[in-house]
1. Please give the number of the condition Ile73 fails out of (1) modelled with pLDDT under 95; (2) surrounded by 10 or more Cβ atoms within 10 Å (Cβ to Cβ).
2. Consider Asp61 carefully, then state whether it is modelled with pLDDT of 90 or more and either loosely packed, with under 11 Cβ neighbours inside 10 Å or of a type in the set (Phe, Trp, Tyr) (or both).
3. Within the range 65-92, which residues are more than 26 Å from the chain's Cα centre (by Cα) and not in a strand (DSSP E or B)?
Amino acid sequence: MFNVDIIRNQVVAQAQGGGGIMEMLFPLLIVFAIFYFLMIRPQQKQMKKHKEMLDNLKRGDNIVTNGGIIGKIYQINGNLVMLEVADDIRIKILKNQIAGLYTFENNNNPKKEE
């Protein structure tokens, strides 16, 4: 009799609280979906927009670098950009270090374009 009660209790426990793999994976999938739509996807869109901006650069564009240097594109050679930062002063920078285009308003209040 005692053995029958033990087996019956085990069957009832499995039926009530056994859960299953789907009940454990469902919250994990929900968290992954939230991370994807709130963090990963917007970052991919921003990276795509930045790459498009880098591909469309041309001579004469005013830019700002990641280091805060503002200048005008003098020449583009593949991955290198020659940047004119003052009259007859040019520096070479890597193309992927360009943060964005830059416009000047009234020559006193510069404004960065995103």
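1. In the conditions (1) modelled with pLDDT under 95; (2) surrounded by 10 or more Cβ atoms within 10 Å (Cβ to Cβ), Ile73 misses (1) alone.
2. no
3. Listed by number, the residues that qualify are Asp87, Asp88.
The values are calculated or read from the model by the stated rules, or taken from the named source; none is laboratory data. This is a predicted model, so every value here is computed, not measured. Neighbour counts run over all protein chains shown; Cβ positions are idealised from the backbone, glycine included.
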